């Protein structure tokens with residue numbers, strides 16, 4: 001059994017007294033064989049005093065899902081190509097981390113020194129086919145920084161190169177798809193180019209538009225959040241608004257991440273840059 | 001077949017030309033029966049010009065996962081008690097929304113008018129058993145507003161009643177669990193009570209501590225992000241920092257959500273409150 005277990009299950013210890021198990025065979029696995037290997041493994045994990053077991057099943061092995069559930073596993077999360085199941089070995093309540101609950105998006109205010117902003121008309125989605133000129137928007141990829149996602153979306157939709165200036169505001173909304181929530185970050189970017197090349201599959205048209213013309217569109221004025229964000233953008237251009245800057249800092253475990261914070265008097269940021277120097 | 005289909009599959013149209021299908025039987029369903037019902041349904045959906053099909057399978061029906069995958073479905077997301085699969089009916093590329101990618105957490109700065117902050121020592125986790133006094137932290141529930149999640153976590157861990165003041169900063173980090181990312185929001189709250197009742201299961205100790213004593217802890221000073229956040233909190237108490245306020249506004253679809261924005265001169269917020277009045 002041990003030889004089969006080693007061949008069938010790839011086992012890695014995690015940092016919390018548990019193990020992460022994957023089935024990495026490139027060929028389908030017989031569910032009865034898998035069942036006996038899994039039962040023997042659970043016995044061993046209990047003897048070893050293991051806590052949480054994570055079982056990653058590629059979609060190729062969807063025939064093993066039912067087997068795992070019968071062996072006491074429950075679902076944790078899924079991606080297009082795999083399902084992650086978990087089982088808590090001790091008799092205590094489990095301490096598995098919560099699943100991801102939010103999708104992260106950006107709405108991007110790209111404004112040049114003539115106070116013109118980059119606006120698009122979309123081909124599909126809820127604004128598809130309307131005459132609304134709107135900021136480029138998009139979903140931040142898994143593992144992508146918000147500031148980088150904003151730059152990428154603008155480049156993809158309009159071909160414009162940009163650099164990140166500031167986060168102006170954000171919105172949290174719920175039940176965006178099934179029980180999941182959304183966070184939408186309004187980012188201000190500075191354009192580094194001006195010639196627009198639209199992404200034909202998603203974008204109907206794009207142009208540089210005076211900020212006041214954008215704000216004067218009836219749809220923007222009649223919809224509270226659009227109007228609010230337009231006012232924030234205008235205040236920013238008038239020098240009356242300070243959003244959050246992004247600072248590269250270290251977490252306590254040494255990981256480099258962005259901290260977003262207000263930087264009105266710059267003293268906090270300067271302190272940080274000196275620490276890094 | 002039609003009668004069986006109606007009994008077995010609960011079908012609801014979505015807003016994008018697709019359907020959401022659930023298997024709601026309380027008893028296990030035979031996988032061969034399910035297979036023929038699903039094949040017939042796919043034929044019908046194609047005739048009807050449907051686009052995306054969402055299939056929600058409660059974990060009770062884990063025996064049907066393999067059947068659905070064989071019928072061309074792939075995984076979209078999963079929660080402890082169900083797996084959501086999707087299948088795109090037309091020949092075009094699918095436009096299913098991305099899965100949730102981020103977990104959302106809060107670190108809470110509760111400070112009273114004596115410039116004392118609420119701090120805790122945790123029983124477990126990476127800071128369990130250390131002498132570190134830290135801000136209460138926790139995960140925001142699915143569907144919960146960040147400002148409400150901060151209030152709830154403080155109440156749960158320490159029994160202290162609070163109200164939301166401001167969002168001071170936030171951090172985005174990646175690969176927090178498998179490929180998923182984290183957003184951690186630092187919230188400032190005003191206490192409405194002072195008698196601490198600790199949550200015995202998670203919290204070793206809690207107390208009110210002068211902000212300068214918190215900031216002077218060696219761990220805080222030696223770890224860049226802890227030190228940075230402590231400096232932000234001190235700047236805030238000195239009147240030199242403006243975070244983001246939360247304003248209740250309407251999305252374009254009429255949903256009430258919070259917009260978080262800087263409110264240095266209060267004119268934007270006042271404008272909003274007049275609109276709402």
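Consider region B:217-236 and keep the residues that are in contact with a strand residue (DSSP E or B) (Cβ under 8 Å, 6 or more places away or on another chain) and more than 12 Å from residue A:251 (Cα to Cα). The one that is surrounded by the most Cβ atoms within 10 Å (Cβ to Cβ) is B:233. Touching a helix residue (DSSP H, G or I) at 6+ places or on another chain (Cβ under 8 Å) and either at pLDDT 95 or above or over 23 Å from residue B:94 (Cβ atoms) (or both), is that true of residue A:98? So residue A:98 does not fit the description; no.
Scanning region A:245-265 for residues that are more than 7 Å from chain B (Cβ to nearest Cβ) and in contact with a strand residue (DSSP E or B) (Cβ under 9 Å, 6 or more places away or on another chain), we see that the one that is modelled with the lowest pLDDT is A:263. With a requirement of 1 or more residues that are in contact with a strand residue (DSSP E or B) (Cβ under 8 Å, 6 or more places away or on another chain) and under 25 Å from residue A:91 (Cβ atoms), the helices (runs of 4 or more DSSP H) lying completely within region A:1-74 that satisfy it span A:31-47, A:65-70.
For region A:79-93, filtering for residues that are at the interface with chain B (Cβ under 10 Å from one of its Cβ atoms) and either within 14 Å of residue B:77 (Cα to Cα) or out of contact with any strand residue (DSSP E or B) (no Cβ under 8 Å at 6 or more places or on another chain) (or both) leaves 8.
The set of residues in region B:116-134 that are surrounded by 13 or more Cβ atoms within 10 Å (Cβ to Cβ), part of a loop (DSSP other than H, G, I, E, B) and in contact (Cβ under 8 Å) with a residue 24 or more places away in the chain comprises B:123, B:130, B:132, B:133. Looking at this structure, is residue B:111 farther than 24 Å from residue B:172 by Cβ and either surrounded by 14 or more Cβ atoms within 10 Å (Cβ to Cβ) or in contact with a strand residue (DSSP E or B) (Cβ under 8 Å, 6 or more places away or on another chain) (or both)? Answer is yes for this residue. Of the helices (runs of 4 or more DSSP H) that lie entirely inside region A:154-243, those containing 2 or more residues that are within 9 Å of chain B (Cβ to nearest Cβ) and in contact (Cβ under 8 Å) with a residue 60 or more places away in the chain span A:224-237.
Any residue at all in region A:94-106 that is more than 10 Å from chain B (Cβ to nearest Cβ), free of Cβ contacts under 8 Å to residues at least 12 places away in the same chain and farther than 22 Å from residue A:76 by Cβ? Within region A:94-106, none of the residues are more than 10 Å from chain B (Cβ to nearest Cβ), free of Cβ contacts under 8 Å to residues at least 12 places away in the same chain and farther than 22 Å from residue A:76 by Cβ. All of A:81, A:148 fail the test of being over 15 Å from the mean Cα position of the chain (by Cα) and surrounded by fewer than 18 Cβ atoms within 10 Å (Cβ to Cβ), apart from A:81. Any idea which of A:241, A:214 is surrounded by 20 or more Cβ atoms within 10 Å (Cβ to Cβ), within 21 Å of residue A:110 (Cβ to Cβ) and at pLDDT below 95? After ruling out the rest, the residue left standing is A:241. For region B:54-78, give me each residue that is away from every other protein chain (no Cβ under 11 Å) and crowded, with 23+ Cβ neighbours inside 10 Å. Once the filter is applied, which keeps residues that are away from every other protein chain (no Cβ under 11 Å) and crowded, with 23+ Cβ neighbours inside 10 Å, region B:54-78 yields only B:55.
The values are calculated or read from the model by the stated rules, or taken from the named source; none is laboratory data. Treat the numbers as computed from the prediction; the structure is a model and nothing was measured. Neighbour counts run over all protein chains shown; Cβ positions are idealised from the backbone, glycine included.
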